[in-house]
1. Starting from residues that are open to solvent by less than 70 Å² (accessible area, probe 1.4 Å) and in a loop (DSSP other than H, G, I, E, B), keep the ones in region 126-153 and report whichever is farthest from the ligand (Cβ to nearest atom).
2. Of the residues Arg166, Arg192, only one is over 22 Å from Ala309 (Cβ atoms) and at pLDDT below 95; which?
3. Condition (residue is among the aromatic types (Phe, Trp, Tyr) and open to solvent by less than 50 Å² (accessible area, probe 1.4 Å)) applied to region 186-197: is it met by at least one residue?
4. Restricting to region 61-107, name every residue that is under 24 Å from the mean Cα position of the chain (by Cα), open to solvent by 30 Å² or more (accessible area, probe 1.4 Å) and β-branched (Val, Ile, Thr).
5. With the requirement that a residue be surrounded by fewer than 19 Cβ atoms within 10 Å (Cβ to Cβ) and among the polar types (S, T, N, Q), what does region 253-310 give you?
6. Scan the strands (runs of 3 or more DSSP E) fully inside region 12-104 and keep the ones with 3 or more residues being under 18 Å from Pro165 (Cβ atoms) and in contact with a strand residue (DSSP E or B) (Cβ under 7 Å, 6 or more places away or on another chain).
7. Starting from residues that are under 16 Å from Ala309 (Cβ atoms) and out of contact with any Phe, Trp or Tyr (no Cβ under 8 Å at 6 or more places or on another chain), keep the ones in region 108-125 and report whichever is most open to solvent (accessible area, probe 1.4 Å).
8. Across region 14-29, what is the number of residues that are out of contact with any Asp or Glu (no Cβ under 8 Å at 6 or more places or on another chain) and open to solvent by 10 Å² or more (accessible area, probe 1.4 Å)?
Amino acid sequence: MLSPLDLPFARSVHDRAAHRRAEPALLDLLRADETTRVLQVRGTRVAVAEADGLPRPALVPAGHLRDDGTWLFLGEHEGAGILALALPDDGTPGAPDAGGEAGAWAGLRELPALDGLEQGLVVEAVALAQWHTAHEHCPRCGAPTQVGQAGWTRVCTTEGRELYPRTDPAVIMAVVDDADRILLAHAAAWPRGRYSTLAGFVEPGEGLENAVRREVAEETGVGIGTEPHDVVYRGSQAWPFPASLMVGFRARAVSTDVRVDDLEISEARWFTRDSLLAALEAEEVRMPGPQSIARALIEEWYGGELPGAW
Ligand SMILES: [Zn+2]
């Protein structure tokens, strides 16, 4: 029996305190409170300051921040409110306010040393901020929308209809055959040598396990078993670019002939543990980065850490 994977970005330390979102003027109240901390977001990047030589999210007081962004309630931690300030992503951005430190903007991949609290806040802030940016108008009538529920809805100014942030599930799977080999694929759009697990979005009306079977068949022609234990859940990871939830599986192949679609996937190969290690050491193959659920799924199959990354 496999125990659940401990995945990067899957921890959550702060309290989202969803019961407070409907409080009248919650955002104004917290902005006036000097214990409140604010994470500034611009596009997919957050404000950072260096601590011990590494960039860390800058959690700064609300008081003197610029006021042309959208304020969002992320939750509470140790008795203090935490807000995000989503700033317009226009032109060449100046450095963010980092509370007196030298500030900069950084994306998730540039933040290798986040603790559980920071991971949870950054992923929540980036996901929520991007949803707001993309939903300034009502999808039904086209009227402008405005922020409701302290950042957890947008409300159509004509119809009063509420819109909720969305999350798009995607499946990602370590496909393993009965000889205990793993199937890794190279996407047509990637640089040479880059391989990863197969993945794809869940379609409307489709369950997760069937999405695994369909994606593997479409991209490689490999069949996945139809028994319930042939597709086993391993863990999930929010990936806010812009709104994915990566749901990870181990899937058992019942056929091994590979026939790639040549559109999305240009090559797919079966690896034994020895052949994968040899390919990595020869730098003929490169693995996904250490923060990714793909790498966690591959290393779980391998039974330990593998060298190198994209
Ligand atoms: Zn409307």
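1. Filtering region 126-153 for residues that are open to solvent by less than 70 Å² (accessible area, probe 1.4 Å) and in a loop (DSSP other than H, G, I, E, B), the one farthest from the ligand (Cβ to nearest atom) comes out as Trp152.
2. Being over 22 Å from Ala309 (Cβ atoms) and at pLDDT below 95 holds for just one of Arg166, Arg192, which is Arg166.
3. Yes, the conditions are met somewhere in region 186-197.
4. Result: Thr70, single match.
5. Answer for region 253-310, where residues must be surrounded by fewer than 19 Cβ atoms within 10 Å (Cβ to Cβ) and among the polar types (S, T, N, Q): Ser255, Thr256, Ser266, Thr272, Ser275.
6. 70-77, 80-87
7. Arg109
8. Of the residues in region 14-29, 9 are out of contact with any Asp or Glu (no Cβ under 8 Å at 6 or more places or on another chain) and open to solvent by 10 Å² or more (accessible area, probe 1.4 Å).
The values are calculated or read from the model by the stated rules, or taken from the named source; none is laboratory data. Only a predicted model underlies this, so the values are computations on that prediction, with no experimental measurement involved. Methodologically, a virtual Cβ is constructed for each residue, glycine included, from the backbone with ideal geometry; neighbour enumeration extends over all protein chains shown. For accessibility, only protein heavy atoms count, side chains too; no ligands or nucleic acids. Shrake-Rupley method; radii C 1.70, N 1.55, O 1.52, S 1.80 Å.
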